[in-house]
1. Here are some conditions: (1) modelled with pLDDT under 90; (2) in a helix (DSSP H, G or I). Ala186 meets all but one. Which one does it not meet?
2. For the subset of the range 129-146 comprising residues that are part of a loop (DSSP other than H, G, I, E, B) and open to solvent by 60 Å² or more (accessible area, probe 1.4 Å), which member is modelled with the highest pLDDT?
3. Using beta carbons and a limit of 7 Å, which pairs, at least six apart or on different chains, have the first residue in the range 117-133 and on the phi > 0 side of the Ramachandran plot and the second one at pLDDT 90 or above?
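The values are calculated or read from the model by the stated rules, or taken from the named source; none is laboratory data. Just so we're clear, the structure is a prediction, and the values are computed from it rather than from any experiment. Don't worry about glycine lacking a Cβ; one is built from the backbone with ideal geometry, like all the others, and counts go over all protein chains shown. The protein model used for the area step is the full one, side chains on, heavy atoms only, and it has no ligands, DNA or RNA in it. Shrake-Rupley method; radii C 1.70, N 1.55, O 1.52, S 1.80 Å.
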Amino acid sequence: YFSHEINRLFIGLTILYGVFVGQIHHQLRLFIQTTSDKLFLRGQYDSARVLSEASAKVAKNLSVPSILEILYNAFNNAMEISQPKIFLPEHFSDQDKESKRFVAFDAKGDLKPEDLFIDANDKIVNRLLTKGEPIFDQLSVGHRLLIPCILEDRLIAIFVLWPKLSEDSYTTEDMRLLQILASQAALALDHARSYEKIKAYLEVAQRQLARSERLASLGTLIAGVTHEIRNPLAVIRSE
């Protein structure tokens, strides 16, 4: 802007200015954005409080969709995690079927597209079960954070979390809170699955009982009608 001619000095200063802007702009943007967000959206930034509340809500819930919704809200609002995913066994609600893979479920409890799955025999699944703690998938772009939800040596679910939108690293406190949340989620999801199974059995039993009662009532009605018919017939025969 100030130069009257393009020379080596001008080119050198332009390059230095570009490097300076490239190094400073991103950090400055994050600082301004995070500071302004904290001022106007203070409730969303107390991640410890939000995750603790999410753990308490999850523990009291017996609905799989409700549990998933609570977890996704915690990931999105408390920690602003990029592309959080929750993987459950493919046949999570039907324990009689063998699940050969873990499939991503959305906040409504519905399956995500078919390409979002982790094979049950994948090495990373074995690592999660063996270690029983979060691991970083170094082979993925952005190094996904995988957190196992384990209950009694059973892998109930897997949290797959990409880096935060702020690009901040996961802190020790973040990891501790996420592990607590994973433990509560494993217990709640397992109980919710058992509850849904018992509920399904109960509904079948109630339908069978209602059918039996209808059949019993029909039998009583038929017996009564038969009795009423037999009486006149008996009188006719006696005459």
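1. (1)
2. Among them, the one singled out is Glu133.
3. That search, which allows pairs on different chains as well, returns Gly132/Pro148; Gly132/Ile150.
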